[in-house]
Amino acid sequence: MSLIRWNPSRDLAAWSSDIFNMQREINRLFDTFVRGGTQADESFGLTYWTPAVDIAERDNEYVVKVDLPGVEKDDVKITLVSGVLTIRGEKKQENESKTGSFHRIERSYGSFQRSFTLPSSVRNDGIDAVYKDGILTITLPKAEEAKPKQIEVRVK
Amino acid sequence: MLVRLDYPQTFNNLIENILTQDFAPRHSHPAIDIAEYENESIVVAELPGVKKDELRITFENDVLTVAGERKPYEMPRDGRVLLNEMRLREFSRSIEFPHAIDGDKISADLQNGILKIVVPKAASARPRTIEVK
């Protein structure tokens, strides 16, 4: 075995490239967060993104809000199967915008899907979904047995 | 119990928990696309839940600025938050174009959470065909 002269700059180079990779990865995750949960991951040849969601629980219902700017109403499908609410759809790039030369593309296009397990059962017949100002609002009324009940204490 | 299915959200949560302390960011940048055509540029910004009168669009010193505020959803008295990912509050973005702009003819339209601004080029910046005599 021959002795190899230690070259500190080579070690440093390998080490710093690791750091840079890590930094890039963190930046990417940070970007995802700052943009409100939007992500287009092209490294796998897929385009998908995650719309931001707010969910509130009220005494009688759940209110789910999804940020879907520029998504056509017919491109969104909402399903509720055994307590799992799924919102899926696609955001298409308008045809006209394909002909220009782009200076910046930050918006995410493609398919999205989000699923949530609701904490308690809902009434299947009263579910309502409204799309306004780029926000989809789904209202799911709770089933009778899931509503809070007040039990009065009797004094004897 | 709510179950999240997507992995990046878990990481977001982690950061969110740190950031929602006192130094939470109140300023954010909406995503924009900028496309250039022969006679105009088109800026498209995603502004879900933003109303027309919550937007300010200005053109000054050749810089186009879109600023405004997204009002948070008003929680009813009996409401509890189960999930909160919508983060956009105050926002501002400025764009400088590499060519002259006809500032008087800029027009903007807000629909379905999408703001579309048409920025016409000044006559001097439009492509011209020169006829050979």
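Every number in this text was worked out from the coordinates using simple rules, so none of it is lab data. Please read these numbers as outputs of a predicted model, since none were measured by experiment. Here Cβ is always computed from backbone atoms with ideal geometry, including for glycine, and neighbour counts include all displayed protein chains.
Values computed for the structure shown
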quantity: Long-range amide H partners of B:Ala31 with built H, under 5 Å; calculated: B:Glu46
quantity: For the range A:61-76, Karplus couplings with θ = phi - 60° (6.51, -1.76, 1.60), whole Hz, Gly/Pro x; calculated: 7, 10, 10, 10, 10, 10, 6, 9, x, x, 9, 6, 4, 6, 8, 10
quantity: Charge context of B:Val118, other residues only, Cβ under 10 angstrom, K/R +1, D/E -1; calculated: 0
quantity: Out-of-range pairs (alpha-carbon distance over 21 Å; input A:Lys92/B:Lys52; A:Lys92/B:Lys71; A:Lys65/A:Lys142; A:Lys91/B:Lys71; A:Lys65/B:Lys71; B:Lys52/B:Lys116); calculated: A:Lys92/B:Lys52; A:Lys92/B:Lys71; A:Lys91/B:Lys71
quantity: Per-residue HN-Hα couplings for the range B:69-74 [Karplus 6.51, -1.76, 1.60; θ = phi - 60°; Hz; x = Gly/Pro]; calculated: 9, 9, 6, x, 5, 7
quantity: Under Karplus coefficients 6.51, -1.76 and 1.60, residue-wise ³J(HN,Hα) of the range A:137-149 in Hz, glycine/proline x; calculated: 10, 10, 10, 10, x, 6, 5, 3, 6, 8, 6, x, 10
